[in-house]
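Input: a single structure, listed below in structure tokens.
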Amino acid sequence: AEVMNRVPVIWIELQDCAGNSEALLRSEKPKVDEIILEIISLEFHETLMAAAGHQAEAQMQDAINTFKGRYLLFVEGSIPTAIGGYYGTIGASGETFEEHLKRLSADAAAVVAVGSCATFGGVPAAAPNPTGAKGVMDIVSGKPIINIPACPANPANMVGVILHYVLTGELPELDSLLRPKFAFGYRIHDTCERRVHFDAGEFVEEWGDAGAKNNFCLYKMGCKGPMTFNNCGIVRYNDGVNWPIGAGRGCIGCSEPDFWDKYAFERPI
Ligand code: SF4
Ligand code: F3S
């Protein structure tokens, strides 16, 4: 049934680990129950809905018909394109993930790709990319697309996009990689709590050394904060409890395109 004033959302999961769903569940401001009960009308979400099988498929079709042209389609996971897309099929009809994504995006107001798999292919697209994994923007055309990368995407940024849409009826301003500028306008290195140590030339040289105990800069241990655009140093994760660099591990550039091949190793570039 139609619910006014709440943005209808259909959330689909493709080739992924459900980490972005898990992240959304840990949204703190607002909490996920407030998001679901007061801000959005979550019409379909495999891991959160009670329905399964044919009942779930009927619910999805009902949502598409009811909210045609008005729902936000959230996509989590990459799209396998090798061997005709048959690395990933879904539903009774056996449609491929690619067909599924195209069908659902056709009637969406906009498509929000969450996590590095849906945005840039992520870990499934890492070399040698056996499934031919791609991100949403390589598959969908003719619709506004918003990319919220990171592994997982920060719930603050998912909620930020939703609230911007609820309050203004428009999508936030995006950069050249279709990322909202409010979240991806700065490098990790620009706002990092260890930046004073970088500027002072104080580095961790070896895991567990005196520099590590003193929270020195992690650049020499492979931190990719200088190449990575994201706001996790400001908003952190789990209600601001911590983030990778706060926990003593360098940034692996998880929100950048091709991060697994380009950045996820323990040496400076
Ligand atoms: Fe920059 Fe990384 Fe050092 Fe922080 S820990 S100052 S992001 S190099
Ligand atoms: Fe990812 Fe780097 Fe932030 S690894 S979570 S972008 S600190």
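Quick look at the values:
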item	result
Additional length obtainable on full extension of the chain from ASP175 to ALA56, 0.36 nm per residue less Cα span	39.3 nm
Electrostatic dipole magnitude of the chain [Cβ: Lys, Arg +1; Asp, Glu -1; Cα centre; debye, to 20]	480 debye
Cysteines without a disulfide-compatible neighbour (Cβ-Cβ under 4.7 Å), the chain	CYS17, CYS117, CYS192, CYS217, CYS223, CYS232, CYS251
Count, lysine Cα pairs under 22 Å in the chain, 8 or more residues apart or across chains	12
Histogram of C-alpha separations across segment 89-137, 5 Å bin width, %	5, 20, 23, 25, 19, 7, 2
Within the chain, percent of DSSP bridges classed antiparallel, to nearest 5	30 percent
Mean ellipticity per residue at 222 nm, deg cm²/dmol - from DSSP H runs of n ≥ 4 across the chain, formula -39500 (n - 2.57)	-7000 deg cm²/dmol
Taking LEU37, LEU14 and counting other C-beta atoms within 10 Å, the order from fewest to most	LEU37, LEU14
Fewest-first sequence of MET137, MET221, MET49 by Cβ atoms within 10 Å of each Cβ	MET49, MET137, MET221
3J(HN,Hα) from dihedral phi, segment 75-85, Karplus parametrisation 6.51/-1.76/1.60, rounded to Hz, x for glycine, proline	10, 10, x, 8, 10, x, 10, 5, 6, x, x
The chain - Rg and Dmax from Cα coordinates, angstrom	19.4, 61
Residue order, fewest to most beta carbons within 10 Å, for THR168, THR89	THR168, THR89
Three-way shape call for segment 193-269 based on the alpha-carbon gyration tensor, with the a/c threshold at 1.5	oblate
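We did not get these values from a lab; they are worked out from the coordinates using the rules stated. Everything quoted here is computed from the prediction, not taken from an experiment. Note that each Cβ is placed from the backbone with ideal geometry, even for glycine, and that neighbours are counted across all protein chains shown.
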